[in-house]
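Let me begin by presenting the structure, written as structure tokens, before commenting on it.
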Amino acid sequence: MHTAVSPSPPVIVTRPEREAGPWAQALQAEGVRAEVLPLIEIAAVPDASGLQVAWAQLQFCQAVMFVSANAVRFFMAARPRGQVLPACRAWSTGPGTQAALITTGWPADQIDSPPADSAQFDSEALWAQVAAQARPGARVFIVRGADARGQLAGRDWLAQQLVASGAQVQQAVAYVRRAPALSPAQHQRALQAMTDGSWWLFSSSEAAQHLLQACPDLSLGHARALATHPRIAQRLLQAGWGQVCQVPAGLAAQAMSIKSLP
């Protein structure tokens, strides 16, 4: 007589919709039950004039840093007609951003990014690769996102390191990150996932904030979350999530870590 084996709890991928589907499919290919509930909506900036200014300035820069694949996508979409790619370095925070740069035609040998097997893909990991380029007087452009109010989204840590090194830093907003409007079915799934053993996978603490904005009636005491960075894990615990585990940011290592969860 065979004893039935209960399926493992599903992992809910909360990345923006464009990224969530492929990530969930990749996790499924690695043997992880995964579903999608995007909690960050990505949109173009209302006024792209700042991106035009950035393109005009790149010829004078030693490097341009992209905070995400979305930063690459929207920045390259604003490329003036006939504008050639600058000869400056492109800095990437991780493999997704690096892949987006290569897809848009940026030469691979002009891209600096943390190694594919890095424990983290963040500003600190990137800085370890590019700190030597941050000489006094060097000009670096940072392409990033903004929140729904137009305020710069994300950390300024790398910009602070650059300024402390004597480099000149300019920043351009390429896209807007905002909370999505959840459908009734998504709202119901969120309620269910608080108590059915599901794991919420967060690669951004902003996604967790959006979840609570969209579903203020959620009770987090028994909810389970996976965080791809210690800072995200800390914020989830501070917000009251019942169980928080940290997993690697890279896909294969992440899948392996998830499959080892009790």
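Quick note: the coordinates plus some simple rules give every number you see, no bench work behind them. Just so you know, these numbers come straight off a predicted model, no measurement behind them.
Shown for the chain is the translational diffusion coefficient from the Stokes-Einstein equation, using the Kirkwood radius over Cα pairs, a temperature of 20 °C and a viscosity of 1.002 mPa s: 109 µm²/s.
When every Cα-Cα distance of segment 1-95 is counted in 10 angstrom steps from zero, the calculated P(r) takes the values 13, 32, 24, 17, 8, 4, 2, 0 percent. When the P(r) is computed for segment 43-178, the part past 21 Å accounts for 36% of the Cα-Cα pairs. Largest first, the three principal axis extents of the alpha carbons in segment 27-83 are 47, 27, 19 Å in whole numbers. What whole number of Å gives the distance from the Cα centroid of segment 1-71 to the Cα centroid of segment 212-262? Distance between centres, Cα-based: 16 Å.
Extent of segment 47-125 along its three principal axes (Cα atoms, max minus min coordinate, largest first): 38, 25, 21 Å. Taking every DSSP beta bridge that has both residues in segment 43-178, what percent is antiparallel when rounded to the nearest 5? For segment 43-178, the DSSP antiparallel bridge percentage is about 15.
If one computes P(r) from the Cα atoms of segment 89-152, what percent of pairs lie at distances over 19 Å? That fraction is 39 percent. Structural descriptor for the chain: relative contact order 20 percent, calculated from alpha carbon pairs under 8 angstrom and at least 6 residues apart.
Taking every DSSP helix (H) stretch of at least 4 residues in the chain, weighting each as -39,500 (n - 2.57) and dividing the sum by the residue count yields a mean residue ellipticity at 222 nm of -10500 deg cm²/dmol. Where both bridge residues fall in the chain, DSSP classifies roughly 15% of the beta bridges as antiparallel.
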